Amino acid sequence: MAATQETIAAVEEATGQYKYGFVTDIEVEKAPKGLNEDIIRFISAKKDEPDWLLEWRLKAYQKWLTMDSPDWAKLDIPEIDYQDIHYYAAPKTAEGPKSLDEVDPELLATYEKLGIPLNEQKMLAGVAVDAVFDSVSVATTFREELAKAGVVFCPISEAVHSHPELVKKYLGSVVPVADNYFSALNSAVFTDGSFVFIPKGVRCPMELSTYFRINEKNTGQFERTLIIAEDQSYVSYLEGCTAPQRDENQLHAAVVELVALEDAEIKYSTVQNWYPGDAEGKGGIYNFVTKRGACRGDRAKISWTQVETGSAVTWKYPSCILQGKDSVGEFYSVAVTNGAQQADTGTKMIHLGEGSRSTIISKGISAGKSNNTYRGLVQVMPKAENARNFTQCDSLLVGDKCGAHTVPYIVSRNPSGKVEHEATTSRISEDQLFYCHQRGLDEEEAVSLIVNGFCREVMKELPMEFAVEAQKLIAISLEGSVG
Amino acid sequence: MLPNNLQQTAAVLAARDQFAATGLPGAKSEPWIYTRLQEVVVNPAQSAQAATSPEAGLILHFDNGLLVSGDVAWPAGMAMRVFTDADMADFAAYLPEDHLLGTLSVGHVTSAIVIEVEAGAQITELLTLRFTANVADQSAHPLIFIKQGAGSQCRIVEHHESHAALSAPLIVMDIGAEAVLDHAKMQADTDSTKHLSLTVMAVAEKADINSFTTAIGGQLARHETHMHLNGEHADVALSSIYMARGTQHQDMTTRMLHQVPNCTSSQLIRGVLDDTAKGVFQGKVVVARDAQKTDGQQMSRALLLSRQAEADAKPELEIYADDVVCSHGATVGELDETHLFYLKSRGIEADEARMMLIEAFLLDTLETVRLDELRASLTTAIQRWMTGV
């Protein structure tokens, strides 16, 4: 077939010498635009993947072809041409860098601008960083220290080779390939992401952190993260995102899977501030993320904390499957939308285990012409004796052109389960503003102060270094929303 | 009671075609996500049984979907007539577009009447709408169009006691400025009957509505209520109690549309579910861009009495105006053991203690009923349900 021939030719061309003009002036190797089985084989071959993984990808691709893009969210998404996207882009280096010195200085300079703590200074902060530039991890620090504790923290492409049994066992076990349209797409074309394994009884000695960036024009990012916490272990994982300004919409469809075994605890924190597009919403990131954690063991705990300020469109529902007895799920979220941003975000708490508990605290702030929706599901299954859920969703409207929506779904199949949902919607009161004005704060400062107060319950769940950044971020996100 | 050609009017034919074309909602239909309509018998009754003798008082009796009341002594300022073609078009305009229950009953209309209340008329007499049926494979589709003039007052109660395949009444109430309406619905159809009702109220400025639904019957019942707050300073209170046991399915679906500023709406919903019964509450409060100073409150609570009972809730807020106070709450749980223990420790039998607690659970909702003469019979109906009589 002509189309197939063309693709093969294009793949060949791409794998040969190839040069592009880039914003950061780094040579990038990328697959031609479009998605088909050859592209998937190309990605898999690039990663030198075992056959089972290629098969898995191809199966996911076949599933994806049969699925439709979800339309139930309160989002207005322009049609996405999946054939107009590069599914693979990698910073080109002769060989994998052995240390920071080998990393392209241009790349380091970009990270510097973004404030990513990749260099020595940050060692004091105790942050281990697995920086992801476009799709390939280029540098990982603190590996040795973590290794001493028995913790595995590496790019998932590496884990496929170093820990194939773990990857094979857990990949797709929390988010099945055909779970949804975007997870199927991700499973077919994911390029890289982080892999974390905390062995039994180990408390991870430092906060793990990774930074995702989208840099290459028209490159979809398909990150795949897998975190496994064995019995009685603990890990706190931080994810922060930035992306430089672009004119065309960029697609991001990540999948994050967490597995917590008996008495294990995973704390997953996100600060997302990708480019939201201009005032009309042009050029922002499309963020379609599937994040899910399974509390497989008794007393396991998974806690999601997110501060979402970026992206033109956010479609994201970090969830917990509470299988273990007395397992705990938590979801703390601040979602700020301004300009023409649209966010449809929330969580799912599926109570399967006896005595499982979940807490949902969601704070939505809408400003400008944006729409901000909380959508959540709390499901108590028949065997979840004495399950307990508490949900609180508060929305704050800044200005009279935005919208705030709350759509909670509650399904209770066990009478001993207790499910409570509360939601309020209000705006910043004149009294609060007046009080701040009186003390010499201008309108913008006052709004920032009040909004940060409104979000405090969630902010206090963030790790220290994130909390400061997140507060600034919220203030920046609301700039231009008043006055 | 139909004009001869009503079933052939454009609006009816269009609705029938639409219903046939869309069919029943599929598994992915969001408005029907918790209430699956596996099978609905649409077999509208064609002619009335022998007309019953007029009942004393202000009663309109629909049997098998057909109006069978003889002469009714209408109080001054209130009158009834049969739909004209123009009424049908007018009526259809109030219905939500492409709505399953709208097309179902407009398309298969069995009876269609207009009740008009003159502006300023103060009707203190309670108007009773009785819906009965006794043919197990038929469906009833009465259309009732109530036009309440400005500044008028009226009091209406619906009694549903049908034994049929389907009872699907469609009621539109146009409530004029400063009008006062006290409305109640008692749904106690037999447990082989499906009940699919849609009530639309268009509310003008400063109108005051108090509506109360008690639902204890039917094999599957969906009570869908749409409130369009079109005039400022309107005040709407909507309360419901549903109770289900066996394999019954009760669904309360409300849409509260705040289109203009300064309106108040409150909703209280209480559900009691036993055996393998399922209860659904879907409530959406929409506040339009201009509807500043809206006060929209909603609280839904469900009580599960058995291990197999299920309660699903989807309270939604969709808000586009910034100067509003809106909240919704939903809880699902069982009777509190400590409360039971407290009562039992004071010598009250377990069964009685449970009943007391269920009554207490429903009490605040019952207290919102403005139709005083109904309160006693409502309480009796609830008590009878609890004792399983």
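The values are calculated or read from the model by the stated rules, or taken from the named source; none is laboratory data. Keep in mind it's a predicted model, so treat the numbers as computed, not measured. We place every Cβ from the backbone using ideal geometry, glycine too, and count neighbours over all the protein chains shown. To get the accessible areas, we keep the full protein, side chains included, count just its heavy atoms, and leave off ligands, DNA and RNA. Shrake-Rupley method; radii C 1.70, N 1.55, O 1.52, S 1.80 Å.
Here are some notes:
- A count restricted to the stretch B:331-356 and to residues that are open to solvent by 30 Å² or more (accessible area, probe 1.4 Å) and of a type in the set (A, V, I, L, M, F, W, C) stands at 5.
Per-residue answers, yes or no, for (1) of a type in the set (A, V, I, L, M); (2) touching a residue at least 24 places away in the same chain (Cβ under 8 Å); (3) more than 29 Å from A:SER327 (Cα to Cα):
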{"position": "A:ALA254", "(1), (2), (3)": "yes, yes, no"}
{"position": "A:GLU257", "(1), (2), (3)": "no, yes, no"}
{"position": "A:ALA260", "(1), (2), (3)": "yes, yes, no"}
{"position": "A:TYR268", "(1), (2), (3)": "no, yes, no"}
{"position": "A:PRO276", "(1), (2), (3)": "no, yes, yes"}
{"position": "A:GLY284", "(1), (2), (3)": "no, yes, yes"}
{"position": "A:THR290", "(1), (2), (3)": "no, yes, no"}
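- Candidates B:MET173, B:MET186, B:MET227: the one that is of a type outside the set (Asp, Glu), buried (at least 23 other Cβ atoms within 10 Å of the Cβ) and more than 19 Å from B:GLN297 (Cβ to Cβ) is B:MET173.
- Members of the stretch B:120-147 that are assigned to a loop (DSSP other than H, G, I, E, B) and of a type in the set (Asp, Glu): B:ASP137
- Scanning the stretch B:306-319 for any residue that is of a type outside the set (Phe, Trp, Tyr) and more than 7 Å from chain A (Cβ to nearest Cβ) turns up at least one such residue.
- Checklist (1) closer than 26 Å to B:ALA207 by Cβ; (2) in a loop (DSSP other than H, G, I, E, B) applied to B:ALA92, failing item: (2)
- Residue ID - farthest from B:SER29 (Cα to Cα), chosen from residues in the stretch A:64-82 that are within 13 Å of chain B (Cβ to nearest Cβ) and free of Cβ contacts under 8 Å to residues at least 40 places away in the same chain: A:ASP71
- In the stretch B:181-196, the residues that are closer than 27 Å to B:GLN122 by Cα form Cβ pairs under 6 Å with partners that are among the polar types (S, T, N, Q), at six or more places apart or across chains, as follows: B:ASP182/B:ASN210; B:HIS183/B:SER211; B:LYS185/B:THR213; B:MET186/B:THR214.
- Taking the stretch B:247-330 as the region of interest, the strands (runs of 3 or more DSSP E) fully inside it that hold 2 or more residues being open to solvent by 20 Å² or more (accessible area, probe 1.4 Å) and over 21 Å from B:HIS228 (Cβ atoms) are B:295-304.
- Residue that is in contact with a Gly (Cβ under 8 Å, 6 or more places away or on another chain), open to solvent by 10 Å² or more (accessible area, probe 1.4 Å) and not aromatic (Phe, Trp, Tyr), where the choices are B:THR110, B:THR124, B:THR132, B:THR128: B:THR128
- Taken over the stretch B:129-161, residues that are farther than 18 Å from B:ALA215 by Cβ and of a type in the set (D, E, K, R) amount to 3.
- The C-beta contact set for the stretch A:438-461 (first residue acidic (Asp, Glu), second residue part of a helix (DSSP H, G or I), distance under 9 angstrom, 6+ apart or interchain) comprises A:ASP442/A:CYS436; A:GLU443/A:LEU433; A:GLU443/A:CYS436; A:GLU443/A:HIS437; A:GLU444/A:ALA475; A:GLU445/A:CYS436; A:GLU445/A:ALA475; A:GLU461/A:ALA467.
- Hey, B:LYS284 over 23 Å from B:GLY217 (Cα atoms) and basic (Lys, Arg) or not: yes
- Top-ranked residue of the stretch B:36-68 - restricted to ones that are at pLDDT 85 or above and more than 22 Å from B:MET80 (Cα to Cα), ranked as nearest to the other protein chains (Cβ to nearest Cβ): B:ARG36
- Given (1) at pLDDT below 85; (2) in contact with a strand residue (DSSP E or B) (Cβ under 9 Å, 6 or more places away or on another chain), index of the condition B:ILE33 fails: (1)
- Single residue of B:LEU340, B:LEU363, B:LEU303 found to be modelled with pLDDT of 90 or more, more than 23 Å from B:HIS249 (Cβ to Cβ) and more than 7 Å from chain A (Cβ to nearest Cβ): B:LEU340
- Elements of type strands (runs of 3 or more DSSP E) contained in the stretch A:187-240, each with 3 or more residues being polar (S, T, N, Q), open to solvent by 10 Å² or more (accessible area, probe 1.4 Å) and modelled with pLDDT of 90 or more: none
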